[in-house]
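Comments concern the structure below.
The values are calculated or read from the model by the stated rules, or taken from the named source; none is laboratory data. Owing to the predicted nature of the structure, the values given are computational and were not obtained by experimental measurement. Here the Cβ is made from the backbone with ideal geometry for all residues, glycine too, and neighbour counts use every protein chain on show. Only protein heavy atoms, including side chains, enter the accessible area calculation; ligands, DNA and RNA are left aside. Shrake-Rupley method; radii C 1.70, N 1.55, O 1.52, S 1.80 Å.
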Amino acid sequence: MTTETTPVPEEVLSALRKHKRVLIAAHAHPDPDAMGSSLAMAWALRAIGLEALVFNEDGMAPCLKFLTLPGPVLSSLDKLPCEPDLVVCLDCGDRARLGETIQPLLDRVPTVNIDHHLANPRFGTEANWVDPGMAATGEMVAYIAKALRVTLNGAIAEALYVAISADTGNFSYGNTTPGALRLVAEMAEQGLKLSHLRECMENNWTEARLRLWGRAMQNARILEDGRLAAALITLEDLRECNASREDSEGIVEQLRRLSGVRVALMLREEEKNGKVESKASLRSSGKDNVRDVAAQFGGGGHRNAAGATLPLTAEKALTVMQPYIRFVWNRLQ
Ligand code: 5GP
Ligand code: MN
């Protein structure tokens, strides 16, 4: 794609060009799209001479430690070298997804909001680019880098690849766009090592993760005449497997592989301020809309991949979610 046909809104490019000290932030508990697009944005802005820092409330995503970083990923805003004059928000369906730490800064510094989630309320104060047709926020950052005439090779290409590949299920989900495939082809032409990156992304399991997955599969519940598969991961499961929150990433996709399943659900318990809450991850295919289910519980996401956090144990969360999940197929029948 040439700069003449860029899909990037002019207001986004001019906001980036007119500022000097940019803080880049994405949603807390960063997934590869959130973190990869943040790192790629930092590389792109550095390439055009801006100062760019990356912040994430939960720091660097451990599964992406193999990437070359443009600098440390800050998890605190206490010791910033100077006040940023712009905050670029990436992959956040709403402002709250950025976490609590950054909220005061967002009240006083102009923001650009770049995102591909449905129903993003366009919370950017300086510019917004919201396009649910984009495969990943990484795809959007790639178009921004190209519009700024930054070559997609080396570390920026690796960060973009992990972002796009993760959000598209390695280029297999319905959100995989021809544009995303063209970008990867272009980066491969520039020397991106696809097999090396897949090795880094996939063959990196810990024993704790293996044990947790085994337990989740063993105890998975097949409900609603085989249309719903649910994995409940309790605090006890995590403790006994010595597993972390990250170790459960991917379990919900595995559940969806079961023939006949229309909605896969993972409920993972967490402890917050001494109380148990459950992070719900929902997956579906085609027209089955799980974002609407997540939205009932204050969450959001995409039609086929969505999430929310419920202030309940996993068992209770399943009970309250099940009637809304039924609605997914009842509405389409
Ligand atoms: P995951 O289940 O992998 O955490 O998230 C799936 C999709 O739903 C991602 O696009 C993610 O950004 C979105 N999502 C997950 N949890 C939440 C949430 O609590 N609120 C909103 N708005 N979106 C979420
Ligand atoms: Mn994303």
Residues of region 1-49 being open to solvent by 10 Å² or more (accessible area, probe 1.4 Å) and touching a Gly at 6+ places or on another chain (Cβ under 6 Å), in sequence order, are A28
V290 vs (1) near ligand 1 (Cβ under 10 Å from one of its atoms); (2) touching a residue at least 40 places away in the same chain (Cβ under 8 Å); (3) under 19 Å from D225 (Cα atoms); (4) among the hydrophobic types (A, V, I, L, M, F, W, C): all pass except (2)
One residue is enough: does region 258-273 have a residue meeting the conditions exposed (fewer than 12 other Cβ atoms within 10 Å of the Cβ), of a type outside the set (S, T, Y) and assigned to a strand (DSSP E or B)? yes
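What residue, of C82, C92, is open to solvent by 10 Å² or more (accessible area, probe 1.4 Å) and either closer than 28 Å to R149 by Cβ or assigned to a helix (DSSP H, G or I) (or both)? Steps first, please.
Numbers: C92 fails: open to solvent by 10 Å² or more (accessible area, probe 1.4 Å).
When all the criteria are applied, what remains is C82.
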Test: residue in region 51-58 that is without any contact (Cβ under 8 Å) to a residue 60 or more places away in the chain, assigned to a loop (DSSP other than H, G, I, E, B) and buried (at least 21 other Cβ atoms within 10 Å of the Cβ) | yes
Of (1) buried (at least 18 other Cβ atoms within 10 Å of the Cβ); (2) under 18 Å from T234 (Cβ atoms); (3) more than 16 Å from ligand 2 (Cβ to nearest atom); (4) in contact (Cβ under 8 Å) with a residue 40 or more places away in the chain, E315 fails just (1)
Taking region 120-132 and keeping residues more than 13 Å from ligand 2 (Cβ to nearest atom) and open to solvent by less than 50 Å² (accessible area, probe 1.4 Å) leaves F123, G124, A127, N128, W129
Checked pairs for region 133-146, first within 15 Å of ligand 2 (Cβ to nearest atom), second aromatic (F, W, Y), C-beta under 7 Å and 6 or more apart or across chains, list as M140/W129
Note on region 37-64: residues out of contact with any Lys or Arg (no Cβ under 6 Å at 6 or more places or on another chain) and among the acidic types (D, E) are E57, D58
Here the residues within region 214-245 that are surrounded by fewer than 15 Cβ atoms within 10 Å (Cβ to Cβ) and acidic (D, E) are D225, E236, E240
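Being touching a residue at least 40 places away in the same chain (Cβ under 8 Å), more than 16 Å from ligand 1 (Cβ to nearest atom) and over 18 Å from the mean Cα position of the chain (by Cα) is the requirement here; does A159 meet it?
Details: touching a residue at least 40 places away in the same chain (Cβ under 8 Å): yes; more than 16 Å from ligand 1 (Cβ to nearest atom): yes; over 18 Å from the mean Cα position of the chain (by Cα): no.
When the stated conditions are applied, A159 does not pass them.
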Considering residues that are within 16 Å of ligand 1 (Cβ to nearest atom), of a type outside the set (S, T, N, Q) and under 22 Å from R17 (Cβ atoms), the number found within region 125-144 is 7
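Scan region 170-188 and give yes if some residue there is touching a residue at least 60 places away in the same chain (Cβ under 8 Å), among the small types (G, A, S) and open to solvent by 70 Å² or more (accessible area, probe 1.4 Å), otherwise no. Let's see the steps before the verdict.
Start the filter on region 170-188 by keeping residues that are touching a residue at least 60 places away in the same chain (Cβ under 8 Å), which leaves 173-175, 179, 182.
Applying the additional criterion that residues be among the small types (G, A, S) yields 174, 179.
Filter again for open to solvent by 70 Å² or more (accessible area, probe 1.4 Å), leaving 174.
The answer is yes, given that some residue of region 170-188 is touching a residue at least 60 places away in the same chain (Cβ under 8 Å), among the small types (G, A, S) and open to solvent by 70 Å² or more (accessible area, probe 1.4 Å).
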